[in-house]
(Lines give C-alpha, C1' and ligand atoms only; values in the text may rest on other atoms or scores of the structure.)
Protein backbone atom coordinates (compact mmCIF):
# COMPACT_ATOMS: atom_id res chain seq x y z
CA UNK A 1 0.00 0.00 0.00
CA UNK A 2 2.18 2.78 -1.30
CA UNK A 3 1.17 6.30 -2.16
CA UNK A 4 -2.43 7.34 -2.44
CA UNK A 5 -3.58 7.40 -6.06
CA UNK A 6 -4.00 10.73 -7.83
CA UNK A 7 -7.33 12.49 -7.25
CA UNK A 8 -10.04 11.42 -9.63
CA UNK A 9 -8.36 8.08 -10.34
CA UNK A 10 -9.11 6.43 -7.00
CA UNK A 11 -11.76 4.02 -5.86
CA UNK A 12 -12.62 3.62 -2.17
CA UNK A 13 -13.13 0.03 -1.04
CA UNK A 14 -14.67 -0.86 2.33
CA UNK A 15 -13.94 -4.19 4.02
CA UNK A 16 -16.03 -4.78 7.15
CA UNK A 17 -15.98 -7.31 9.95
CA UNK A 18 -18.11 -7.74 13.09
CA UNK A 19 -16.83 -9.16 16.36
CA UNK A 20 -19.05 -10.20 19.28
CA UNK A 21 -17.96 -11.92 22.47
CA UNK A 22 -18.64 -11.95 26.20
CA UNK A 23 -16.54 -12.18 29.35
CA UNK A 24 -17.72 -13.57 32.69
CA UNK A 25 -15.78 -11.64 35.33
CA UNK A 26 -15.15 -12.20 39.01
CA UNK A 27 -15.74 -8.52 39.74
CA UNK A 28 -18.68 -6.43 40.83
CA UNK A 29 -20.91 -4.90 38.15
CA UNK A 30 -19.60 -1.43 39.10
CA UNK A 31 -15.99 -2.59 38.69
CA UNK A 32 -16.89 -4.21 35.36
CA UNK A 33 -18.42 -0.93 34.11
CA UNK A 34 -15.22 0.85 35.18
CA UNK A 35 -13.15 -1.75 33.29
CA UNK A 36 -15.29 -1.40 30.13
CA UNK A 37 -14.82 2.40 30.18
CA UNK A 38 -11.04 2.24 30.76
CA UNK A 39 -9.85 1.79 27.17
CA UNK A 40 -6.09 1.81 27.93
CA UNK A 41 -6.63 -0.98 30.48
CA UNK A 42 -9.14 -2.92 28.36
CA UNK A 43 -6.82 -2.88 25.33
CA UNK A 44 -3.53 -3.14 27.26
CA UNK A 45 -2.94 -6.63 25.77
CA UNK A 46 -3.94 -5.67 22.21
CA UNK A 47 -0.46 -5.92 20.72
CA UNK A 48 -2.00 -5.75 17.25
CA UNK A 49 -2.70 -2.02 17.74
CA UNK A 50 -0.10 0.74 17.45
CA UNK A 51 -0.05 4.12 19.19
CA UNK A 52 -3.19 3.59 21.30
CA UNK A 53 -4.16 6.88 22.96
CA UNK A 54 -7.19 8.25 24.74
CA UNK A 55 -7.53 12.00 24.43
CA UNK A 56 -9.57 13.02 27.46
CA UNK A 57 -12.23 15.64 27.05
CA UNK A 58 -15.93 15.94 26.49
CA UNK A 59 -16.17 13.59 24.71
CA UNK A 60 -13.01 11.52 25.00
CA UNK A 61 -11.47 10.29 21.74
CA UNK A 62 -9.66 6.99 21.19
CA UNK A 63 -6.98 6.90 18.50
CA UNK A 64 -4.77 4.04 17.33
CA UNK A 65 -3.56 2.35 14.19
CA UNK A 66 -3.81 -1.16 12.83
CA UNK A 67 -0.39 -2.19 11.46
CA UNK A 68 -0.42 -3.88 8.07
CA UNK A 69 2.61 -5.67 6.69
CA UNK A 70 2.57 -6.65 3.04
CA UNK A 71 5.61 -8.03 1.28
CA UNK A 72 5.38 -5.71 -1.73
CA UNK A 73 4.44 -2.59 0.20
CA UNK A 74 6.30 -2.83 3.49
CA UNK A 75 4.86 -1.86 6.86
CA UNK A 76 1.90 0.54 6.81
CA UNK A 77 -0.60 1.63 9.43
CA UNK A 78 -4.33 2.15 9.09
CA UNK A 79 -5.24 4.81 11.67
CA UNK A 80 -8.62 5.12 13.36
CA UNK A 81 -10.34 7.63 15.60
CA UNK A 82 -13.43 6.90 17.70
CA UNK A 83 -15.46 8.88 20.23
CA UNK A 84 -15.72 7.14 23.62
CA UNK A 85 -19.15 7.55 25.20
CA UNK A 86 -20.10 6.31 28.65
CA UNK A 87 -23.45 4.53 28.81
CA UNK A 88 -25.51 3.51 31.83
CA UNK A 89 -24.23 -0.08 31.50
CA UNK A 90 -20.71 0.37 30.09
CA UNK A 91 -19.28 2.24 27.13
CA UNK A 92 -19.71 2.80 23.43
CA UNK A 93 -17.24 3.67 20.65
CA UNK A 94 -18.54 5.73 17.75
CA UNK A 95 -16.24 5.77 14.72
CA UNK A 96 -15.12 9.03 13.16
CA UNK A 97 -14.25 9.25 9.48
CA UNK A 98 -10.77 10.67 8.90
CA UNK A 99 -8.63 11.63 5.93
CA UNK A 100 -5.20 10.19 6.71
CA UNK A 101 -1.95 10.66 4.82
CA UNK A 102 -1.87 7.28 3.20
CA UNK A 103 -3.80 4.65 1.35
CA UNK A 104 -6.33 3.78 4.00
CA UNK A 105 -7.83 4.03 7.43
CA UNK A 106 -10.17 2.14 9.72
CA UNK A 107 -13.54 2.84 11.28
CA UNK A 108 -13.97 1.22 14.70
CA UNK A 109 -17.26 1.32 16.59
CA UNK A 110 -18.81 -0.89 19.21
CA UNK A 111 -20.29 -1.32 22.63
CA UNK A 112 -19.42 -2.98 25.94
CA UNK A 113 -22.52 -3.73 28.01
CA UNK A 114 -22.29 -4.97 31.61
CA UNK A 115 -24.93 -7.29 33.05
CA UNK A 116 -25.00 -8.27 36.75
CA UNK A 117 -24.81 -12.03 37.44
CA UNK A 118 -26.11 -13.49 40.71
CA UNK A 119 -27.27 -11.59 43.78
CA UNK A 120 -26.01 -10.07 46.99
CA UNK A 121 -22.39 -9.95 48.04
CA UNK A 122 -21.41 -12.64 45.53
CA UNK A 123 -22.73 -10.70 42.54
CA UNK A 124 -20.36 -10.78 39.58
CA UNK A 125 -20.63 -9.39 36.07
CA UNK A 126 -20.71 -10.31 32.43
CA UNK A 127 -19.57 -7.91 29.72
CA UNK A 128 -21.00 -8.38 26.24
CA UNK A 129 -18.83 -6.79 23.55
CA UNK A 130 -19.84 -6.01 19.99
CA UNK A 131 -17.47 -4.31 17.55
CA UNK A 132 -17.76 -3.24 13.92
CA UNK A 133 -14.40 -2.74 12.20
CA UNK A 134 -14.25 -1.41 8.67
CA UNK A 135 -11.04 -0.91 6.72
CA UNK A 136 -11.43 1.78 4.09
CA UNK A 137 -8.85 1.71 1.29
CA UNK A 138 -8.17 4.21 -1.47
CA UNK A 139 -7.09 2.13 -4.44
CA UNK A 140 -6.10 3.15 -7.93
CA UNK A 141 -8.81 2.58 -10.50
CA UNK A 142 -7.90 -0.80 -11.97
CA UNK A 143 -8.00 -0.36 -15.74
CA UNK A 144 -5.42 -2.98 -16.74
CA UNK A 145 -4.81 -6.59 -15.79
CA UNK A 146 -1.74 -5.75 -13.67
CA UNK A 147 -3.58 -3.03 -11.78
CA UNK A 148 -6.51 -5.37 -11.09
CA UNK A 149 -4.10 -8.01 -9.76
CA UNK A 150 -2.41 -5.44 -7.52
CA UNK A 151 -5.79 -4.23 -6.26
CA UNK A 152 -6.81 -7.81 -5.42
CA UNK A 153 -3.54 -8.35 -3.52
CA UNK A 154 -4.10 -5.17 -1.50
CA UNK A 155 -7.69 -6.18 -0.73
CA UNK A 156 -6.59 -9.70 0.27
CA UNK A 157 -3.93 -8.31 2.62
CA UNK A 158 -6.42 -5.92 4.22
CA UNK A 159 -9.01 -8.71 4.65
CA UNK A 160 -6.37 -10.93 6.25
CA UNK A 161 -5.34 -8.21 8.72
CA UNK A 162 -8.97 -7.43 9.53
CA UNK A 163 -9.66 -11.10 10.17
CA UNK A 164 -6.60 -11.38 12.44
CA UNK A 165 -7.68 -8.34 14.47
CA UNK A 166 -11.15 -9.83 14.87
CA UNK A 167 -9.66 -13.15 16.02
CA UNK A 168 -7.18 -11.60 18.49
CA UNK A 169 -9.44 -8.95 20.07
CA UNK A 170 -11.48 -11.25 22.37
CA UNK A 171 -8.38 -12.92 23.81
CA UNK A 172 -6.59 -9.60 24.34
CA UNK A 173 -9.53 -8.13 26.27
CA UNK A 174 -9.92 -11.36 28.29
CA UNK A 175 -6.22 -11.28 29.28
CA UNK A 176 -6.52 -7.62 30.29
CA UNK A 177 -9.53 -8.53 32.48
CA UNK A 178 -7.60 -11.42 34.03
CA UNK A 179 -9.88 -14.17 32.74
CA UNK A 180 -8.73 -17.22 30.87
CA UNK A 181 -11.63 -17.77 28.51
CA UNK A 182 -14.04 -15.89 26.34
CA UNK A 183 -17.70 -16.89 26.33
CA UNK A 184 -18.92 -17.46 22.77
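The values are calculated or read from the model by the stated rules, or taken from the named source; none is laboratory data. Bear in mind that the values here come from a model prediction, so they are computed numbers and not experimental data. Because the Cβ atoms are built from the backbone with ideal geometry, glycine has one as well, and the counts that use them run over all protein chains shown.
Out of 58, 101, 24, I need the residue that is more than 19 Å from the chain's Cα centre (by Cα) and within 14 Å of residue 129 (Cα to Cα). Which one?
Numbers: 58 fails: within 14 Å of residue 129 (Cα to Cα); 101 fails: within 14 Å of residue 129 (Cα to Cα).
After applying the criteria, what remains is 24.
Of everything in region 62-79, what is in contact with a strand residue (DSSP E or B) (Cβ under 7 Å, 6 or more places away or on another chain) and either modelled with pLDDT under 90 or under 19 Å from residue 173 (Cα atoms) (or both)? Give them in sequence order. Working first, answer last.
Our first condition is that a residue be in contact with a strand residue (DSSP E or B) (Cβ under 7 Å, 6 or more places away or on another chain); within region 62-79, this holds for 62-69, 75-79.
Hits for region 62-79 are 62, 63, 64, 65, 66, 67, 68, 69, 75, 76, 77, 78.
Could you list all residues from region 25-50 that are surrounded by fewer than 18 Cβ atoms within 10 Å (Cβ to Cβ), in contact (Cβ under 8 Å) with a residue 24 or more places away in the chain and over 21 Å from residue 157 (Cα atoms)?
Hits for region 25-50 are 26, 28, 31, 41, 44, 45.
Within region 147-184, can you find the residues that are under 22 Å from residue 34 (Cα atoms) and modelled with pLDDT under 75?
We begin by selecting, within region 147-184, every residue under 22 Å from residue 34 (Cα atoms); these are 169-183.
If the condition is that a residue be under 22 Å from residue 34 (Cα atoms) and modelled with pLDDT under 75, then 180, 181, 182, 183 are the ones that fit.
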